[in-house]
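Since every read-out is calculated from the coordinates, none of them should be taken as a lab result. None of these values were measured; they are calculated from a predicted model. Quick reminder, even Gly has a Cβ in these numbers, built from the backbone with ideal geometry, and neighbours come from all protein chains shown.
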């Protein structure tokens, strides 16, 4: 039987997380018919599970995994990046809609059912994006800060009248025929950079991308430095997209978020100068007042969730991250 959903998972040396993801898929409730395609993007060692499925009923390179779920594996000899991996997965898919998942997330029991319901209830919808919840297993500060930062962005601060939203590949879905007609992800990006943003722009030229808050996954965030590096690189490459489009948007950076970044960098820049110069004091006061106004919703949210100490610490960590974003954007603009 032809599946309704084709779940595409790019995989590269993430054996610690992918089995939890696959297990969460098998625990889905009231899910439509689906297939799972994992693209092993040059992992070392290569991905393997219990045993191959006997030929005949399933395509070649199918494997039986936990709870009777059958998964297909597409293998690369070397690493090509997630854009190529997802495109090759879709090329092998048979479902009417594809669902993109990162290999380090876990589904809720109703995630697949809610995706199917959205498409069934409104046949005009061709693309949607979900959300990762704010709860973290780790007690460390930064993973919890990042989870709350993303949750606030998606839930508290987003433009609720927006026509389209970031097609975030942690959890996103699109009609397969539309994805193929648009040409898939841009394969010139060798790493997870802004390929999701670039595809979002192409989808949004013709279709709305629906934000579905009931399409949820769990995701455990990394420590500070890997995230800071990602902010830097995404800002660098997004600036190149901006230079072609010449406009801000709700996908990557609105004009308000750009001003927030600049004001945050202004606080960091003027803070030491304010100790020796009246001009520095004026600059610091102006930048600080503006920055606090622009991030007020997030700071209130942090305070409500974790208290004053957490919110204060989050304010200063945010300033550092804005410096990474600003530096990436500036280099992207110069180069």
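Restricting to the chain, what percent of DSSP beta bridges are antiparallel, rounded to 5? The answer is about 40 percent antiparallel. Decide, for the stretch 255-334, between rounded, prolate and oblate: order the square roots of the alpha carbon gyration tensor eigenvalues as a ≥ b ≥ c, take rounded if a/c falls under 1.5, and otherwise choose prolate if a/b is larger than b/c, else oblate. Verdict is oblate for the stretch 255-334.
Here the sum of -39500 (n - 2.57) over DSSP H runs of 4 or more residues, divided by the residues of the chain, equals -15500 deg cm²/dmol at 222 nm, to the nearest 500.
For the pair residue 223 and residue 110, label points projected 7 Å from Cα toward Cβ lie 3.7 nm apart.
Computing FRET efficiency as 1/(1 + (r/R0)^6) for residue 246 and residue 191, where r is the C-beta to C-beta distance and R0 is 35 Å, gives about 0.85.
Placing R0 at 45 angstrom, the Cβ-Cβ distance between residue 78 and residue 333 gives a FRET efficiency of 0.85 after rounding to 0.05. Legend: ranking of residues 18, 9 from fewest to most surrounding C-beta atoms inside 10 Å; resulting order 18, 9. In this simple spin-label model, placing a label point 7 Å from the Cα along the Cα-to-Cβ direction at both residue 153 and residue 281 gives a separation of 3.7 nm. With Cα atoms defining each centre, the stretch 71-117 and the stretch 210-287 are spaced 30 Å apart in the structure. This ranking places 134, 146 by how few other beta-carbon atoms lie within 10 Å of each, fewest first, which gives 134, 146. The overall shape of the chain is prolate: from the C-alpha gyration tensor, with semi-axes ordered a ≥ b ≥ c, the ratio a/c is 1.5 or greater and a/b exceeds b/c. A Förster distance of 25 Å, applied to the separation of the beta-carbon atoms of residue 23 and residue 304, puts the FRET efficiency at 0.15. Each of 24, 15 was scored by other Cβ atoms within 10 Å of its Cβ. Listed from fewest to most, they are 15, 24.
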